[in-house]
Amino acid sequence: MDKLRIGIIGTGGIAHAHMHSYLKLDDVEVVAGADIVPGKARKFFDEFSLPHANDYESAEEMLRKEQLDAVSVCTYNTQHAVCAIAALRAGCPVLLEKPMTVTLDDAIDIMRAEKETGKIVSIGFQPRYDNRMRKVREVVQSGELGKIYYVQTGGGRRRGMPGGTFMRKDQAGVGALADIGCYSLDMVLNALGYPKPLTVSASTFDYFGKSEKYNPAEHDTFGVDDFSAAYIRLEGGITLDFRMGWAMHMDSTGATIFLGTDAGLKVEPAGVGSNWGGAWDSTCGDLTLFHDQFGMPTQTPVPVYNSTESNFDQKVSAFVDAVKNGGPAPIPTSQIVYNQAIIDGIIRSAAQGKEVEIIIPEI
Ligand SMILES: NC(=O)c1ccc[n+]([C@@H]2O[C@H](COP(=O)([O-])OP(=O)(O)OC[C@H]3O[C@@H](n4cnc5c(N)ncnc54)[C@H](O)[C@@H]3O)[C@@H](O)[C@H]2O)c1
C-alpha cells in the first residue's frame with residue numbers, strides 16, 4: 001500500500017509532537033501543512049528538513065490542492081471546528097487536538113460533518129494510552145468499587161500559565177478549564193464509561209491572569225479562566241466534583257478519588273505542584289485501593305508498570321491504524337462530546353451564576 005499522505009493544519013507547538021510521531025511511522029508521509037501566519041508552515045518543514053512538503057497559508061487551499069488521506073488539526077481551540085469540518089468535507093479523517101472545541105454547538109457541528117462524510121474524527125487525549133491511566137479504568141470497570149457515587153478530580157499548577165494563544169479569548173476561547181481540565185475529565189469519564197452529564201453548577205476565576213503582579217506580560221489581554229470549580233451530576237446517580245487551575249496559592253487541589261459502596265480508589269497527581277494533565281506524555285501518580293478486609297478498613301497499593309512507549313506516539317499510531325483499516329476512531333467524538341458538554345456547561349453556569357442543564361442535541 002502507498003504511504004498515507006498526511007496534512008497538518010496549524011504548525012505551532014503541538015504540531016511538532018505530531019510530526020515527531022508521524023516520522024517514526026514507515027507507512028505515512030507528512031506531505032503538506034497550513035498555518036495562517038505567513039511563512040510559519042515553511043519554517044516548520046525546514047526545521048524537519050522536509051523541503052518537498054508543501055506549505056500553505058490557508059487550510060482550505062491545502063485541502064483543495066493536495067490529495068490527502070488524513071489530517072492533523074493542531075490549531076488553537078477556537079479554530080478546531082472550522083478546520084476539522086473543512087478536512088472532513090475534503091474527505092479526510094481527522095486527528096483533532098484536545099479540547100474538542102470551545103462550545104458544545106461546535107462539537108455537535110463536527111459530529112454532524114462526521115456523519116455526513118462517513119469520515120472519523122479522533123480526539124488527541126494521549127494520556128489514555130498510559131499504563132497508569134489504563135489501570136485506573138481497569139480498576140473502576142472491574143466492579144471492585146461497587147456502586148460508584150462520587151468522583152473528585154482536577155488539579156492544577158501553582159504557577160503555570162502557558163501564555164501566548166492559550167490566554168486569549170479569540171484564540172483559546174477557554175482557559176485552564178479546557179486546556180488541562182479536559183484531561184482530568186477524560187480520565188474519570190473514560191474510567192466510568194463516559195456517563196452522560198446532566199447538570200452543572202460552576203464558578204470560574206481570572207485573578208492571576210488579570211493580575212499585573214502575577215501576569216506582567218499579558219494581564220491586559222488575558223481573556224479566559226485561570227481557575228474553575230464545578231459540581232456536575234452524571235447519569236447513574238454519580239456526582240462529579242471538579243476543579244482546575246493554571247495558578248493558585250496551593251501546591252495541589254488533591255488527588256482524584258472514586259468513592260464506591262464497596263471500595264474507593266485514590267489516584268495521586270503525578271508530582272507535587274504539577275498535574276498529570278499538564279505534560280505532553282502525561283501520566284498520574286500512585287493508585288491506592290481503600291477497602292475493608294476481614295472486617296477492618298485497609299488500603300492496598302495497586303501495582304502498575306510505568307509505560308515504556310510514548311503515549312503521544314501511541315495516540316498517533318492508533319489514529320493511523322484506524323485510517324488504514326477503516327476502523328472506528330480510537331478516541332471517538334461520541335464520548336468526548338460529553339467532556340465538551342461539561343466544559344460548555346461550566347462556562348454557561350459561571351456566566352449565569354446558577355446551575356444549568358446540559359442538553360445534547362441528537363446528531
Ligand atoms: N495533546 C497535547 O499534549 C497538547 C499539548 C499542547 C497543546 N495542545 C492543543 O493543541 C492546540 C494547539 O496548541 P499549540 O500549543 O500548538 O498552539 P500554538 O498557538 O503554538 O499553535 C497553533 C497554530 O495554529 C495556527 N492556526 C490558527 N488558526 C489556524 C487556521 N484556521 N488555519 C491554519 N492555522 C491556524 C496558528 O497560527 C498557530 O501557529 C490547542 O488546541 C491545544 O490545546 C495539545
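Nothing in this text is a laboratory measurement; each read-out follows from the coordinates by a stated rule. Note that the coordinates shown come from a computational prediction; the quantities given were computed from them, not determined experimentally. Positions of Cβ are generated from backbone atoms using ideal geometry, with glycine treated the same way; all protein chains shown enter the neighbour counts.
Go ahead and run the numbers for FRET between K65 and I36, Cβ-Cβ distance against an R0 of 25 Å, rounding to 0.05.
Details: r = 16 Å, r/R0 = 0.65.
Approximately 0.95, to the nearest 0.05.
Is the shape of the stretch 182-223 best called rounded, prolate or oblate, per the rule: a/c under 1.5 gives rounded, else a/b larger than b/c gives prolate, else oblate, with a ≥ b ≥ c the square roots of the Cα gyration tensor eigenvalues? Write out the running numbers ahead of the final one.
Numbers: a/c = 4.66, a/b = 2.66, b/c = 1.75.
Here the stretch 182-223 falls in the prolate category.
If the cut-off is a Cα-Cα distance under 30 Å, which lysines reach K24, setting aside same-chain residues fewer than 8 apart in sequence?
Here the lysines satisfying the reach criterion relative to K24 are K3, K40, K43, K65, K98, K119, K135, K315, K324.
Does anything in the stretch 158-180 have its amide N under 20 Å from the 7 Å Cα→Cβ label point of D220, and if so which residues?
Correct set: 163-171.
Please work out how much length the chain gains when fully extended from D292 to K324, using 0.36 nm per residue of separation minus the C-alpha to C-alpha distance, in nm with one decimal.
Details: separation 32, 0.36 × 32 = 11.52 nm, distance 4.77 nm.
Taking 0.36 nm per residue and subtracting the Cα distance, the gain is 6.7 nm.
List, in order, the whole-Hz ³J(HN,Hα) value for each residue of the stretch 144-150 obtained from phi through the Karplus relation with A = 6.51, B = -1.76, C = 1.60 and θ = phi - 60°; use x for Gly and Pro.
Karplus-based 3J(HN,Hα) across the stretch 144-150 equals 4, 7, x, 6, 8, 10, 8 Hz.
For the chain, the longest stretch holding no trypsin sites (Lys or Arg not before Pro) located in a DSSP loop with at most 16 other Cβ atoms within 10 Å is which? Spell out each step's value before the answer.
Details: sites that count: K3, K24, K147, R158, K169, K210, K213, K354.
Between exposed loop sites, the widest span is 214-353.
Classify the chain as rounded, prolate or oblate, taking a ≥ b ≥ c as the square roots of the eigenvalues of its Cα gyration tensor: rounded when a/c is under 1.5, otherwise prolate if a/b is larger than b/c and oblate if not. The partial results should precede the final answer.
Details: a/c = 1.69, a/b = 1.41, b/c = 1.20.
Prolate.
Based on DSSP, what percent of beta bridges with both residues in the stretch 145-260 are antiparallel, to the nearest 5? Working shown, then result.
Values: 21 of 28 bridges.
Of the beta bridges lying entirely in the stretch 145-260, close to 75 percent run antiparallel.
FRET efficiency for R159 and H20, Cβ-Cβ distance as r, R0 = 30 Å, nearest 0.05? If you can, show how the numbers build up before the last one.
Details: r = 28 Å, r/R0 = 0.92.
It comes out at approximately 0.60.
Considering only DSSP beta bridges where both residues belong to the chain, give the percentage that are antiparallel (nearest 5).
Numbers: 39 of 65 bridges.
Counting DSSP beta bridges with both partners in the chain, the antiparallel share is about 60 percent.
What shape does the stretch 84-171 take by its C-alpha gyration tensor, where a ≥ b ≥ c are the square roots of the eigenvalues and a/c under 1.5 counts as rounded, a/b above b/c as prolate, and the rest as oblate? Could you put the intermediate results ahead of the total?
Numbers: a/c = 2.26, a/b = 1.32, b/c = 1.71.
Oblate is the answer for the stretch 84-171, as a/c is 1.5 or above yet b/c matches or exceeds a/b.
K266: which aspartates and glutamates have alpha carbons under 18 Å from its alpha carbon, excluding same-chain residues fewer than 8 sequence positions away?
Partners within reach: D130, E138, E144, D186, D241, D251, D286, D292.
Quick one: length gained pulling N54 to E235 fully straight, 0.36 nm per residue minus the C-alpha distance?
On the way: separation 181, 0.36 × 181 = 65.16 nm, distance 4.73 nm.
The span from N54 to E235 would gain 60.4 nm if fully extended.
Got a sec? Which residues in the stretch 228-263 would a label at I363 touch, if it sits 7 Å along Cα→Cβ and we count backbone N under 11 Å?
Answer for this model: none.
Within the chain, which is the longest segment that contains none of the chymotrypsin sites (Phe, Trp or Tyr not before Pro) sitting in a DSSP loop with at most 11 other Cβ atoms within 10 Å? Show your work: numbers first, answer last.
On the way: sites that count: F294, Y305.
It works out to 1-293.
Step through the residues of the stretch 124-136 one at a time and calculate ³J(HN,Hα) from phi using the Karplus curve (6.51 cos²θ - 1.76 cosθ + 1.60, θ = phi - 60°), rounding each to whole Hz and writing x for Gly and Pro.
x, 9, 5, x, 3, 8, 6, 4, 5, 5, 4, 5, 4
In degrees between 0 and 90, to the nearest 10, how far off the longest principal axis of the chain does helix 80-89 point, with axes built from Cα atoms?
Orientation of helix 80-89: about 50 degrees from the principal axis.
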